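Data block below; observations after.
The values are calculated or read from the model by the stated rules, or taken from the named source; none is laboratory data. Note that the structure is a prediction, hence the values are computed from the model and not measured. Because the Cβ atoms are built from the backbone with ideal geometry, glycine has one as well, and the counts that use them run over all protein chains shown. The protein model used for the area step is the full one, side chains on, heavy atoms only, and it has no ligands, DNA or RNA in it. Shrake-Rupley method; radii C 1.70, N 1.55, O 1.52, S 1.80 Å.
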Amino acid sequence: MTADDQGPGYETGGDDDLSIHRIATPGKRSGTIGPRPDHVVFWLADGRASLTSDDGERWEVGAEHPMMLSAPVAYGFETDATATTLLHLSPSLLGDTGETSVFRQPGAADPAVEPLRALLREVAGRVLDPSLPAADRAALNRRIATVVLSTFTRSRSDVADRMRRAIGFVHDNADRDVTVADVAAACDLSERGLQDLFRRRLGVTPMQYLREVRLDRVHLELGRPGVRVLLVSEVARRWRFGHLGRFARHYRERFGEQPHETIARSGTRGSR
């Protein structure tokens with residue numbers, strides 16, 4: 001079940017981002033599959049396979065049921081299949097930019113598997129075709145990656161860890177010039193992956209979340225009791241709000257009052 005098993009029954013095609021390998025292997029086989037640079041989706045033409053991950057999770061896989069082998073995970077396997085197809089996908093194609101993701105397997109009866117199964121039947125020949133133009137191949141790679149990502153979700157622990165790292169980075173750097181790329185790099189995601197993660201988990205974009213953190217910091221500072229004079233414009237600019245009109249509107253939407261009203265409640269003398 002590895003791409004090194006090249007012999008009379010071996011067929012391969014694709015590029016560095018996505019490739020397909022078809023292997024004919026009569027007879028029962030068993031062994032291990034170590035961590036790899038690529039994620040691999042495999043499916044059997046016939047027979048069955050038993051798969052055990054390095055954390056002890058075990059699966060029984062039937063024919064034509066796509067299964068994800070996450071790049072950083074080691075597996076043990078036993079199979080009596082006579083033909084296996086391996087779809088290799090680079091981590092970058094699936095949105096990984098640093099630490100490589102671990103994916104969850106859908107259940108055997110999960111209908112989410114069917115679109116991927118149908119797509120692979122349709123496009124395997126095109127992936128293997130060496131004459132496929134580069135632009136067409138890139139578009140095909142993206143199409144397959146999209147369906148793979150809708151079939152295999154990142155593990156909850158992996159998603160939660162990346163979300164915590166992104167949120168921690170935003171809170172630690174809210175007083176600095178921060179871009180989507182900065183936050184994405186901090187949690188080893190692509191910018192698109194980061195955008196999707198924030199929308200799914202919090203219902204906002206990363207920059208909207210950053211703005212809310214900054215508004216909270218301004219609100220905390222303006223509401224802190226004291227005797228010194230506070231200039232709202234200075235506090236706003238310290239937290240990277242360059243347009244004071246938009247700042248005032250967002251502040252009112254979030255806290256239901258104007259900045260000078262927060263100051264008045266705190267007993268601090270202030271001005272705009």
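Scan the range 140-155 for residues that are within 12 Å of LEU89 (Cα to Cα), of a type in the set (Val, Ile, Thr) and in contact (Cβ under 8 Å) with a residue 40 or more places away in the chain and report the count.
Selection size over the range 140-155: 2.
For the range 109-144, enumerate the residues that are open to solvent by less than 40 Å² (accessible area, probe 1.4 Å) and part of a loop (DSSP other than H, G, I, E, B).
ALA112, LEU132
Need the failing condition index for ARG211 against (1) surrounded by fewer than 14 Cβ atoms within 10 Å (Cβ to Cβ); (2) assigned to a helix (DSSP H, G or I), just the number.
(1)
Tell me which residues, restricted to the range 137-167, are among the small types (Gly, Ala, Ser) and in contact with a Phe, Trp or Tyr (Cβ under 9 Å, 6 or more places away or on another chain). Explain how you work it out, then say what you get.
Going through the range 137-167, the residues among the small types (Gly, Ala, Ser) turn out to be 138-139, 145, 150, 155, 157, 160, 166.
SER155, ALA166, listed by residue number.
Is it the case that THR205 is at pLDDT 85 or above and among the polar types (S, T, N, Q)? Walk me through how you get there before you give the answer.
Details: at pLDDT 85 or above: yes; among the polar types (S, T, N, Q): yes.
Yes.
Does the range 223-236 include one or more residues that are at pLDDT below 90 and within 30 Å of MET163 (Cβ to Cβ)?
yes
Answer yes or no as to whether PRO106 is part of a helix (DSSP H, G or I) and in contact with a helix residue (DSSP H, G or I) (Cβ under 6 Å, 6 or more places away or on another chain).
Working: part of a helix (DSSP H, G or I): no; in contact with a helix residue (DSSP H, G or I) (Cβ under 6 Å, 6 or more places away or on another chain): yes.
In short, no.
From ASP110, ASP129, which residue is of a type outside the set (A, V, I, L, M) and more than 15 Å from SER19 (Cα to Cα)?
ASP110
Having 1 or more residues that are at pLDDT 90 or above is the bar; report the strands (runs of 3 or more DSSP E) wholly within the range 2-90 that clear it.
Details: elements: 10-14, 18-24, 29-33, 39-44, 49-53, 58-61, 67-69, 75-79, 83-89.
Where strands (runs of 3 or more DSSP E) fall fully within the range 2-90 and carry at least 1 residues being at pLDDT 90 or above, they are 10-14, 18-24, 39-44, 49-53, 58-61, 67-69, 75-79, 83-89.
For the range 168-177, what are the residues that are in a loop (DSSP other than H, G, I, E, B) and touching a Phe, Trp or Tyr at 6+ places or on another chain (Cβ under 8 Å)? It would help to see each step written out before you state the result.
Applying the first criterion (in a loop (DSSP other than H, G, I, E, B)) to the range 168-177 yields 173-177.
Of everything in the range 168-177, those that are in a loop (DSSP other than H, G, I, E, B) and touching a Phe, Trp or Tyr at 6+ places or on another chain (Cβ under 8 Å) turn out to be ALA174, ASP175.
Within the range 46-68, count every residue that is of a type in the set (Ser, Thr, Tyr) and open to solvent by 40 Å² or more (accessible area, probe 1.4 Å).
Here is the first cut: in the range 46-68, the ones of a type in the set (Ser, Thr, Tyr) are 50, 52-53.
Applying the additional criterion that residues be open to solvent by 40 Å² or more (accessible area, probe 1.4 Å) yields 52.
Selection size over the range 46-68: 1.
Quick check: is even one residue across the range 225-239 surrounded by 15 or more Cβ atoms within 10 Å (Cβ to Cβ), touching an Asp or Glu at 6+ places or on another chain (Cβ under 8 Å) and free of Cβ contacts under 8 Å to residues at least 40 places away in the same chain?
Going residue by residue through the range 225-239, those that are surrounded by 15 or more Cβ atoms within 10 Å (Cβ to Cβ) are 230, 232, 235-236, 239.
Next, only the ones that are touching an Asp or Glu at 6+ places or on another chain (Cβ under 8 Å) stay: 230, 235, 239.
If we keep only those that are free of Cβ contacts under 8 Å to residues at least 40 places away in the same chain as well, we get 235.
The answer is yes, given that some residue of the range 225-239 is surrounded by 15 or more Cβ atoms within 10 Å (Cβ to Cβ), touching an Asp or Glu at 6+ places or on another chain (Cβ under 8 Å) and free of Cβ contacts under 8 Å to residues at least 40 places away in the same chain.
Within the range 9-45, how many residues turn out to be open to solvent by 50 Å² or more (accessible area, probe 1.4 Å) and closer than 17 Å to THR84 by Cα?
Adding up the residues that qualify gives 10.
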